[in-house]
Amino acid sequence: MRRLGIALLVIALVRVAAAQTGSVRPGDLLPPWSPGTLDIHQIANGGGNAAFMMFPDGTTLLLDAGDAELRPDGSRTAAQLIARYIRHMAGSDARLDYAVITHFHPDHMGAITGSEPLSTHGDYRLRGITELGETLPIARLVDRGWPDYQYLPPPANDRTFANYRRFVGENTAAGRFTMIGAQAGSTSQITPVRRPDPQLPFEVRIVAVNDRVWTGKGNETKVRFPALDSIPLREDWPNENMCSVAIRIRYGRFDYFTGGDMAGYPVPGAAAWHDEETDVARAIGPTDVQVVNHHGSLEVENPFWLATLRSRVMILPAWAATHPSPDVLKRMLSPRIYPDRRDIFVTLLRDATKAAIGERAAQVASDHGHIVVRVEPGGARYWVLVLDDAAESYRVTSVHGPYESE
Ligand SMILES: [Zn+2]
């Protein structure tokens, strides 16, 4: 009886959600998140990555809070933009059940230069994730190093990382949030916490982090990098980008992948294991929506990766003029690599980048704006809505879909 009730409820929710999203027109406001829906927002904050998610039960997650651009004009910081966006979408009392820092780089956590304001909570400065933590309550913070930060820690003179460690230390000591050290293969570290329903086909899996990658079988993982002391040259060691926390979200038939700045297309002369995408592609297989690795920089999106994931939708978090590399966009668009249709959405494709890319730049589905993936209850279909990033009314500028989950 209970199952029948749930089934009828899901059918009703799908009808309401589909009717709402299908009738949205450019200029409209985004209809609010509703129970059963999975919303994933790639926020165009101009200085780094930030993705805000609302799970089907309402659990909230922020993936990265980057801020690597100087703002001499005194306009809002990236963290202010992110916090205002989240409050608009999740309510004035919004709080984050999870924040995830994929890796310790400024465009994913906020650059510290020494001129940022100090926290009222402790001896650290406010930018990116630390500034956001001052603005919105965070319950759990996931990163690649907790608790000992022993695997490839950033250099001792890295101000941003030193500031982050003080932020983590003082807030955990005060009991403001708890820390989670990401473990490859795990499906139990990030879970619905608001109204969890074990019947719901929803799962967040940590696919890779540091030197470990999930194999695709059970929770099994393997070591993907050689032991560091066996690599003679320090410049050949895995780098910070390659240690990124990578995540797969599954909702029914719908699959989404986001992998920070992991690599897949080694520069000439580099070791083969500098390609991480191939192992991850073997583990996750076809994936409806992928976030393009490392902002579409030179060393990502190899042909095997693209052909295995066969993503219908690709989201490119871009903020610098080098995002994406013309070669990478060419691979992403290539029907030789996989013949199926695909739509590419970019948070910000700068004029200089368009000039360097040429005609192909016009083949993206959207070249600026916040990008919202709205997955209908149950996960069978999803939409992509692009929102105006020039005004905080966040009006819809284009609607794409519905797409069928594969
Ligand atoms: Zn980055």
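The values are calculated or read from the model by the stated rules, or taken from the named source; none is laboratory data. Computed from a predicted model, the values in this text were never measured in an experiment. Every residue, glycine as well, gets a Cβ built from its backbone with ideal geometry; the counts of neighbours run over all protein chains shown.
Conditions (1) more than 23 Å from the chain's Cα centre (by Cα); (2) within 15 Å of the ligand (Cβ to nearest atom), marked per residue:
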site	(1), (2)
91	no, no
100	no, yes
104	no, yes
109	no, yes
116	yes, no
120	yes, no
131	no, no
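Could you tell me which of the residues 178, 172 is in contact with a Leu (Cβ under 8 Å, 6 or more places away or on another chain), surrounded by fewer than 17 Cβ atoms within 10 Å (Cβ to Cβ) and either modelled with pLDDT of 95 or more or of a type outside the set (A, V, I, L, M) (or both)?
Criteria check complete, one pass: 178.
For a quick check of your reading of the model, give me the residue pairs whose first member lies in the stretch 187-204 and is touching a residue at least 12 places away in the same chain (Cβ under 8 Å) and buried (at least 16 other Cβ atoms within 10 Å of the Cβ), whose second is assigned to a strand (DSSP E or B) and among the hydroxyl-bearing types (Ser, Thr, Tyr), with beta-carbon atoms closer than 8 Å and at least 6 apart or on different chains.
Short answer, once both residue conditions are applied: 190/98; 202/251.
Search the stretch 252-264 for residues that are over 11 Å from residue 313 (Cβ atoms) and pair each with any residue that is within 12 Å of the ligand (Cβ to nearest atom) and small (Gly, Ala, Ser) when their beta-carbon atoms are under 8 Å apart and the residues are at least 6 apart or on different chains.
Correct list of pairs: 259/244; 260/244; 261/244; 261/297; 262/244.
Under the condition of being among the polar types (S, T, N, Q) and modelled with pLDDT of 95 or more, which residue from the stretch 42-60 is nearest to the ligand (Cβ to nearest atom)?
Per the criteria, the residue is 49.
Looking only at the stretch 136-163, count every residue that is part of a helix (DSSP H, G or I) and crowded, with 17+ Cβ neighbours inside 10 Å and tell me the total.
3
Testing residue 260 on (1) on the phi > 0 side of the Ramachandran plot; (2) away from the ligand (no atom under 16 Å from the Cβ); (3) of a type outside the set (Asp, Glu), one condition comes back false. Which one is that?
Looking at each condition in turn, residue 260 falls short on (2).
If residue 251 satisfies all but one of (1) of a type outside the set (Val, Ile, Thr); (2) under 24 Å from residue 60 (Cβ atoms); (3) within 16 Å of the ligand (Cβ to nearest atom), what's the number of the condition it fails?
(3)
Listed here are the residues, each with its yes/no results for (1) within 16 Å of the ligand (Cβ to nearest atom); (2) closer than 18 Å to residue 159 by Cβ; (3) among the small types (Gly, Ala, Ser); (4) in contact (Cβ under 8 Å) with a residue 60 or more places away in the chain.
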position	(1), (2), (3), (4)
62	yes, no, no, yes
67	yes, yes, no, yes
73	no, no, no, no
77	no, yes, no, no
82	yes, no, no, no
85	no, no, no, yes
94	no, no, yes, no
97	no, no, no, yes
